[in-house]
1. Which entries in the list K3/K90; K30/K182; K30/K179; K92/K179 go over 32 Å, if you measure between the two C-alpha atoms of each?
2. Rounded to the nearest 20 Debye, what is the dipole magnitude of the stretch 1-134 about its Cα centre when Lys and Arg each give +1 and Asp and Glu each give -1 at the C-beta?
3. Trypsin sites (Lys or Arg not before Pro), restricted to the stretch 1-69: which are DSSP loop and have at most 13 other Cβ atoms within 10 Å?
4. Quick one: Cα centre-to-centre distance for the stretch 102-125 and the stretch 24-89, in angstrom?
5. Could you list the square roots of 5 times each eigenvalue of the Cα gyration tensor of the stretch 95-145, that is, the equivalent ellipsoid semi-axes, sorted largest first and rounded to whole Å?
6. If we count every other residue with Cβ under 13 angstrom of R174's Cβ, Lys/Arg +1 and Asp/Glu -1, where does the sum land?
7. Please build a GNM for the chain, connecting alpha carbons under 10 Å apart, and tell me which residue among P64, P147, P115 fluctuates the most.
8. Which aspartates and glutamates have a Cα less than 18 Å from the Cα of K63, not counting those fewer than 8 places away in the same chain?
Amino acid sequence: MNKIEELCKFSSATIHEAMGRNGNLPSGIKPIHSKMKVYGRAYTVMTMPRDNVLLHRAYAYAKPGDVIVASCCGFYEAGYWGDLMSLGAKTKGIAGLVIDGCVRDADDIEAMGFPVFSRGLCIRGTSNHGDGTLNEPIIIGDCMIHPGDIIIGDRDGVVVVPQDRMDEAIEKSRAREEKEEKVRKQLREGKTSIQIYGWDKKFGY
């Protein structure tokens, strides 16, 4: 098991909390199906509003196991990605797509099992001017994403871990899980959360 696979055993929320509540992408970016999960190294894209040529290039150039992470410059009223691109990306071994924009052909994408995390669905088409950047740092929400950063996404959302902090993320996520398991044990024994955290004494509950 490599380190990315080890990290992806933890939920996005656990990793986010363990890393000091950093690295979360906007909450509007969710899987198009609740069971979808994605993990891998970021291949970053910034495309101009309503233009998707850079996304076609991204899945052609990215390495197997990469996650395409795309900024659409805040323009959401377009379907930047669809079933044909998903098929091409899946065939190349791309691990999934995380896009700060909308997609379309959701039923077909879901049926082929290609993980897509987006702002939502939009049937409106795109242009093909090709402006933007590939595999350079991008910003989504208040999170800076560098090529090669680790992407973990599940039903709760998406978290970004800087590639040089992967060992730290694994260690701290494991420690958080162990701590929470102790809390679960006490809850099963009948204690309340305010007792476990000492809030009954601190706040006089």
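No lab work stands behind these numbers, since they all come straight from the coordinates. Predicted model, so just to flag it, every value in this text is computed and none were measured. As a convention, Cβ positions derive from the backbone with ideal geometry for all residues, glycine included, and neighbour counts pool all protein chains shown.
1. Working: K3/K90 22 Å; K30/K182 30 Å; K30/K179 27 Å; K92/K179 40 Å.
K92/K179, as the Cα separations exceed 32 Å there.
2. Working: 15 positive and 13 negative charges, 53 e Å.
It works out to roughly 260 debye.
3. On the way: sites: K3, K9, R21, K35, K37, R41, R50, R57; in loops: K9, R21, K35, K37, R50.
Here the sparse-neighbourhood loop sites are R21, K35.
4. 10 Å
5. Values: eigenvalues 92, 47, 25 Å².
For the stretch 95-145, the ellipsoid semi-axes come out as 21, 15, 11 Å.
6. Details: positive: K3, K9, K172, R176, K179; negative: E6, E17, D167, E168, E171, E177, E178, E180, E181.
Spelling it out: positives minus negatives among the neighbours equals -4.
7. P64
8. Of all the aspartates and glutamates, those that pass the test against K63 - Cα under 18 Å, at least 8 places apart if same chain - are E5, E136, D149.
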